[in-house]
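Engineer: So that we are looking at the same thing, I have put the structure below in structure tokens.
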Amino acid sequence: MVVRSWDGERVEAIAQALHCDAQTVRRRLHRFETGGIEGLGDRPKAGRPRRLTTEDDSRIIALAKQPPPGRLVRYTDGSLEAREEQKAAQWSLDALAQAAKEAGIAVKRSQIRTILLREGVRWRRTHSWGTSDEKDARPKRVAVVSHYTDPPAGSTTICTDELGPVLPRSFPPAPGWSPNGHRIKAPLEYSRGLEKTWIYGALRVRDGKELTRCAPARNSTNSIELLKLIEADNPTGDIFIITDNLSSHNSLETRTWLAEHPRIHHVFIPKGACWLNLQEGWWRLFRRDAFAGQSFANPSEIDLARRVATAQLNHRAKPWVWGRPPKTRRHYRRLFSYRI
């Protein structure tokens, strides 16, 4: 700015060339005239000076990116060990504050949070729905996946679950834009009473066909009614039902009925691993087609929406394949071009 001013350029031209405000140029030129080169430096700001240096910030960020001292780590020789068994196994703000204190940095948890958010560093570990506190979680997971990938010969794999309770009310619309280009606004949500409705669903994995029914309650009687529909729709071969650990699925009434129908077998998923049930993915498609942007006055209207959406989804049903589909060649070409 000073050199350009010596060359005879006007303040507005200097500001336009340096992409700044004209008042900024005037202020800097005035400070140079009164204080010389020293006047162009940063002046003390108002308030308390910053106590943590940029080096301290870097050390805190490095701590958050390291494994916690109490986490079990498997080494190359196959051994499993934690550096400090008494310390935290997951990073939290308190654990990071304690680790920073031990490293010689006096900092509070609120300051750590501000630093990590400013730098875009995650200190929380992403929760995985695959974790389960059951002792036999791994054998259950293997049994469920094996029925998806390699079911017994002549058998049928069915995923079942319950959706609800669904109340007669207005549902927000699906994400999108109206024909005139404006954002779609959701109507006011409110309930019209305690007319709860539960939707039972059963997904046949090999072709993606779905059976659904509405019920006023979630109990053993309605679970058995769904099993009757499944048995009638699959008249031959064994039927393996992938389901969760709801009490009505393993009640005395349900077990008595299953003893009289030996073709049907329950395969329970581990606790905390709902992602193993493919019916959960089908519910997402169902809610979009049946509920998004709709307003229901009573359970009969919910049942009508259920029947229509089920018929529409069954019309375009495809087999449900376990695992991620392979990437297309187009995906790899675009990825290659982006990296270049």
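Engineer: Go through (1) within 24 Å of Ala143 (Cβ to Cβ); (2) within 27 Å of the chain's Cα centre (by Cα); (3) open to solvent by less than 50 Å² (accessible area, probe 1.4 Å); (4) of a type in the set (A, V, I, L, M, F, W, C) one by one and return the number of the condition Trp322 breaks.
Structural biologist: Of the numbered conditions (1) within 24 Å of Ala143 (Cβ to Cβ); (2) within 27 Å of the chain's Cα centre (by Cα); (3) open to solvent by less than 50 Å² (accessible area, probe 1.4 Å); (4) of a type in the set (A, V, I, L, M, F, W, C), the odd one out for Trp322 is (3).
Engineer: Could you run through segment 253-270 and say how many residues are in contact (Cβ under 8 Å) with a residue 12 or more places away in the chain, part of a helix (DSSP H, G or I) and open to solvent by 60 Å² or more (accessible area, probe 1.4 Å)?
Structural biologist: Of the residues in that region, 1 qualify.
Engineer: Quick test of your reading of the structure: Tyr200 fulfils all but one of (1) surrounded by 13 or more Cβ atoms within 10 Å (Cβ to Cβ); (2) at pLDDT below 95. Name the failing condition by number.
Structural biologist: (2)
Engineer: Yes or no: segment 142-153 includes at least one residue that is open to solvent by 100 Å² or more (accessible area, probe 1.4 Å), modelled with pLDDT of 75 or more, among the hydrophobic types (A, V, I, L, M, F, W, C) and more than 25 Å from the chain's Cα centre (by Cα).
Structural biologist: So far as segment 142-153 goes, yes, one or more of its residues are open to solvent by 100 Å² or more (accessible area, probe 1.4 Å), modelled with pLDDT of 75 or more, among the hydrophobic types (A, V, I, L, M, F, W, C) and more than 25 Å from the chain's Cα centre (by Cα).
Engineer: Given the conditions (1) in a helix (DSSP H, G or I); (2) open to solvent by 30 Å² or more (accessible area, probe 1.4 Å), which single one is not true for Ile302?
Structural biologist: (2)
Engineer: Then there's this: Please determine, by comparing only the residues of segment 213-234 that are of a type in the set (D, E, K, R) and outside any helix (DSSP H, G or I), which one is surrounded by the most Cβ atoms within 10 Å (Cβ to Cβ). Talk me through it step by step, then tell me what you get.
Structural biologist: Taking segment 213-234 first, the residues of a type in the set (D, E, K, R) are 213, 218, 225, 228, 231, 233.
Imposing the further condition that a residue be outside any helix (DSSP H, G or I) reduces the set to 213, 218.
On the way: Arg213: 17, Arg218: 19.
By that ranking, first place goes to Arg218.
Engineer: While we're here: Considering Ala273, Ala290, which residue is of a type in the set (A, V, I, L, M, F, W, C), within 18 Å of Pro168 (Cα to Cα), touching a helix residue (DSSP H, G or I) at 6+ places or on another chain (Cβ under 7 Å) and surrounded by 17 or more Cβ atoms within 10 Å (Cβ to Cβ)?
Structural biologist: Exactly one of Ala273, Ala290 is of a type in the set (A, V, I, L, M, F, W, C), within 18 Å of Pro168 (Cα to Cα), touching a helix residue (DSSP H, G or I) at 6+ places or on another chain (Cβ under 7 Å) and surrounded by 17 or more Cβ atoms within 10 Å (Cβ to Cβ), namely Ala290.
The values are calculated or read from the model by the stated rules, or taken from the named source; none is laboratory data. All figures in this text were calculated on a predicted structure; none of them were measured in a lab. Methodologically, a virtual Cβ is constructed for each residue, glycine included, from the backbone with ideal geometry; neighbour enumeration extends over all protein chains shown. Just so you know, the surface numbers come from the protein's heavy atoms only, side chains and all, with ligands and any DNA or RNA stripped out. Shrake-Rupley method; radii C 1.70, N 1.55, O 1.52, S 1.80 Å.
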